[in-house]
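See structure below.
Any read-out appearing in this document is the output of simple, stated calculations on the displayed coordinates, not a laboratory observation. Computed from a prediction, not measured in an experiment: that's the story for all the values here. As a convention, Cβ positions derive from the backbone with ideal geometry for all residues, glycine included, and neighbour counts pool all protein chains shown.
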Amino acid sequence: MQAGPEKAKPIGLIVDGEMRGDANDLAALATVFGLGYLDPAEASILTLSLTGSAVEGAAFVDAAARFYSKEWLRDFPERFQRYRGLPVGLSEGPGPASPAVTGPLAAKDSEGEPLYPNEVHTLTDTADPAALIRNGLTTREDQSVAVVLTGPATNLARVLGLNGGRELIKSKVTLLAAALGDLASNTIDPHVAADVEAARKLFAEWPTPIVTIGRAAGEALTLDRKTLATDVKWAERHPIVDAHRAGPSSSSTVSTREAAAALYAVRPKAGYYQESEPGLVSVGADGALSFEPTAEGRHRRLGLASSNSEALRQLYADLISGQPSAREMPEFLKKFIEREKQKALEEEKASTQ
């Protein structure tokens, strides 16, 4: 009997960005978890790292990862539910965290315990981002990782500076999808302005293809913020829903720019976005980006394929609000539980004789 077709292995995903409670960042995080936990899982989330975020931002990311992991293991007997967060790296930023982050972290259950437990309380509870990303890359086969950037390029530039970092990236990574830079206007992207030298190093030295998603692509397809805070039907409380409700409500819509970086990294061939001609992006001393078309260029810009806008909006909503698939118990665990049940039955039978 011939074996059936082998399941495609989820792509390894390295995500680097911000978590200040911005609605765009929350939508991107939920999209990443949707791609990693919905059925079928398309991505294996290797690392999550942050630049310019307070410790509370890392704590929120850890809490959200644990929430999804717990739901993923819901069919396991409770004693085998060893859910955990994902490795979180942090280059700590200045200033207090947004209520969107601190609100869910402060929430308590009926017994006074944290509603969203986490293990990040100080900077020492997080990992060094560059080392974390390097170590995540070493766990995967060649050409099996995609990188998502939704914040300043600080951490990725540091990986390039590690001994052997560039060669490791070249061997492991297929694509970098970056919500970085705004080539459609003269406006300087705050993510670039936050670390201009890192952005210059990234575009000059990153050895794999880079696609950039500008503001225009994100604003061409927006999501209803109110919908994001009400669409989850499978959980009475949800950390990202609570964050949307607790955060500033200055805008009723959410840009999909950061979420698009995650979606494109995992589904680059899906046709949701149009790629520009190849070229090279350069970063000026003031942080302004320019694009020079060239056949040998490894950089491209992404624009929304307008004919797909409604289907794409629904896809984002489904990824953001979807319930994680219940993980199937491994065979060895099923057999162990079955042996325990059989042993209990035999002991009960012996005690009645």
1/(1 + (r/R0)^6) with r = Cβ-Cβ of Ser290 and Glu167, R0 = 22 Å, i.e. FRET efficiency to nearest 0.05, evaluates to 0.20
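Full extension from Ser44 to Ala216: what is 0.36 nm times the residue separation minus their Cα-Cα distance, to one decimal in nm?
59.0 nm
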The long-range amide H neighbours of Gln274, using H built 1.01 Å from N in the peptide plane and a cut-off of under 5 Å, are Gly303, Leu304, Ala305
DSSP beta bridges in the stretch 203-353: the antiparallel percent, rounded to 5, is 75
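Residues with beta-carbon under 10 Å from that of Val148, excluding Val148: net charge, scoring Lys, Arg +1 and Asp, Glu -1?
-2
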per DSSP, antiparallel bridges as share of beta bridges in the stretch 11-351, % nearest 5, sits at 30
Taking Lys and Arg as +1 and Asp and Glu as -1, residues besides Ile169 with C-beta under 13 Å from its C-beta add up to +4
Calculated from DSSP helices alone, with each H run of at least 4 adding -39500 (n - 2.57) and the total divided by the residues of the chain, [θ]222 nm to the nearest 500 comes to -12000 deg cm²/dmol
Taking a ≥ b ≥ c as the square roots of the eigenvalues of the Cα gyration tensor, with a/c under 1.5 meaning rounded and otherwise prolate when a/b exceeds b/c and oblate if not, the stretch 280-352 is prolate
Under the Karplus relation with 6.51, -1.76 and 1.60 and θ = phi - 60°, whole-Hz ³J(HN,Hα) for the stretch 286-291, x at Gly and Pro, equal 8, x, 6, 9, 9, 10
Once Lys and Arg are counted +1 and Asp and Glu -1 for all other residues with Cβ under 13 Å from that of Glu236, the total becomes -1
Computed for the stretch 11-351: size of charge dipole around the Cα centre, +1 on C-beta of each Lys and Arg, -1 on C-beta of each Asp and Glu, debye to nearest 20, value 440
Expressed in nanometres to one decimal, the distance between label points 7 Å along Cα→Cβ at Ser249 and Glu277 is 4.8
Rg from C-alpha atoms of the stretch 11-351, normalised by the globular rule of thumb 2.2 N^0.38 Å, equals 1.04
Taking Cα pairs closer than 8 Å and at least 6 residues apart, the relative contact order of the stretch 207-353 in percent is 28
Scoring the chain by relative contact order with C-alpha pairs under 8 Å, at least six apart, yields a percentage of 21
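If you take the square roots of the eigenvalues of the alpha-carbon gyration tensor of the stretch 115-194 and sort them as a ≥ b ≥ c, do you get rounded (a/c under 1.5), prolate (a/b over b/c) or oblate?
oblate
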For the stretch 26-171, Rg(Cα) over 2.2 N^0.38 Å is 1.10
Restricting to aspartates and glutamates and to Cα separations under 20 Å from Lys108, and discarding same-chain partners fewer than 8 apart, the set is Glu56, Asp62, Glu71, Glu119, Glu236, Asp242
Label model pair Glu331, Glu141: point-to-point distance (7 angstrom along the Cα→beta-carbon line) in nm is 2.0
Here the relative contact order (percent) of the stretch 269-319, from C-alpha pairs under 8 Å and at least 6 apart, is 39
If each part is reduced to its alpha-carbon centroid, the stretch 243-279 and the stretch 193-231 end up apart, in Å, by 7
Between the modelled labels at Glu310 and Leu345 (7 Å from Cα along Cα→Cβ) the distance in nm is 5.5
